[in-house]
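The values are calculated or read from the model by the stated rules, or taken from the named source; none is laboratory data. Since the model is a prediction, treat every value here as computed from it, not as a measurement. Cβ placement follows ideal geometry from the backbone for every residue including glycine, while neighbour counts extend to all protein chains displayed.
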Amino acid sequence: MTITVQMIVDRLIEPAGKREQTVDTLKSGSPDAAVRKVAVVFTATYAVIRQAAETGVDLLITHEPTYYNHLDETDLLAGDPVFERKRALIEQSGVAIFRLHDYIHLYKPDGILSGMLQALEWEAYADPERLHVLTPPADEGHTSRTIAEQLKRKLGIDSMLVAGDPDMPVKRFAIKPGAAGFRSHMQLLAKEEIDLLVVGETNEWETNEYVRDAADMGLVKALIVTGHQKSEEAGMSTVVGMLRESFPELQVEMIAGPPAVRRI
């Protein structure tokens, strides 16, 4: 049986149900193209696309946009040398690119969150009704620092941002991968039961300052900011498992990459 791009897209959409309003569309390639090899990535960078082309990948599944903005709008970029060179590489390579952002977050449970918990080996900590709320065993004696060290080790992160006392004991914490925004962050931090919030990224004048004020008031509150990519990348492994199960003859691999920025 020939597996096509559309067959794979349909499988990725199926758990959430088709939506009319979504950024999850085919960014390049034909839905009727045959697929023998798939690569799953956090974002389709220039280096990733080149690697995919060199290793015979037919379809890239990316969580984030290809062209630097949420809607992948290109009018602003027309004539820009970086955009034009990237677009040319995509066209020359023949690699199809499908964005899987909205649908995977609509899986039950959220595919990114469940994949991250598995990668972090935190599944046993999670509240079955609220997977983002985590309670480690009391005898593990966790602090913000020990949780940050786990994140660094398991996700391959050199450093991260911490607000509040890093040696503050943590009885219960929450994780919000990606950029959920201040409203979502605050609603969790405002709960008395939540000592620590782990997020991908923040606007620095919002969540960071909320936690600074809370700590200065003597409240047991802290924040860890891992960086957006590493807070979600491992979650895309959900897709790898799904496609391998649905299409055993298909070659499916995960391509992880370094963050775009680093501290020096």
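Quick notes on this one:
- Selection within region 35-55 - in a helix (DSSP H, G or I) and either among the hydroxyl-bearing types (Ser, Thr, Tyr) or out of contact with any helix residue (DSSP H, G or I) (no Cβ under 8 Å at 6 or more places or on another chain) (or both): Tyr46, Ala47, Val48, Gln51, Glu54
- Filter result for Val220 (touching a residue at least 24 places away in the same chain (Cβ under 8 Å), touching a strand residue (DSSP E or B) at 6+ places or on another chain (Cβ under 9 Å), buried (at least 17 other Cβ atoms within 10 Å of the Cβ) and among the hydrophobic types (A, V, I, L, M, F, W, C)): no
- Some residue of region 37-45 being over 23 Å from Ile112 (Cα atoms) and at pLDDT 95 or above: no
- Hits in region 225-260 - residues which are aliphatic (A, V, I, L, M), under 16 Å from the mean Cα position of the chain (by Cα) and not in a helix (DSSP H, G or I): Val225, Met254, Ile255, Ala256, Ala260
- Qualifying residue in region 163-173 (condition: of a type outside the set (Asp, Glu), within 16 Å of Leu117 (Cβ to Cβ) and not in a helix (DSSP H, G or I)): yes
- Residue within region 67-88 that is aliphatic (A, V, I, L, M) and within 16 Å of Val5 (Cβ to Cβ) present: no
- Filter result (assigned to a helix (DSSP H, G or I) and among the charged types (D, E, K, R)) within region 1-21: Asp10, Arg11
- Unique match (being in the same structural domain as Gly200 (by TED's automatic domain parsing) and either at pLDDT below 95 or of a type in the set (A, V, I, L, M) (or both)) among Val133, Val57, Val95, Val82: Val133
- Complete set of residues in region 72-110 that are outside any loop (DSSP other than H, G, I, E, B), closer than 17 Å to Gly235 by Cα and without any contact (Cβ under 8 Å) to a residue 40 or more places away in the chain: His105
- First in region 236-264 and under 21 Å from Ile8 (Cα atoms) and outside the structural domain of Ile61 (by TED's automatic domain parsing), second anywhere and acidic (Asp, Glu) and in a helix (DSSP H, G or I), Cβ under 7 Å, 6 or more apart: Ala256/Glu233
- Boolean, Arg36 is of a type in the set (Lys, Arg) and within 23 Å of Leu71 (Cβ to Cβ): no
- Test: residue in region 105-113 that is farther than 20 Å from Ala260 by Cβ, among the small types (Gly, Ala, Ser) and under 16 Å from the mean Cα position of the chain (by Cα): yes
- Inter-residue pairs, beta-carbon under 7 Å, first under 15 Å from Phe182 (Cα atoms) and in region 203-217, second among the aromatic types (Phe, Trp, Tyr) and part of a helix (DSSP H, G or I), 6+ apart: Asn203/Phe182; Glu206/Phe182; Thr207/Phe182
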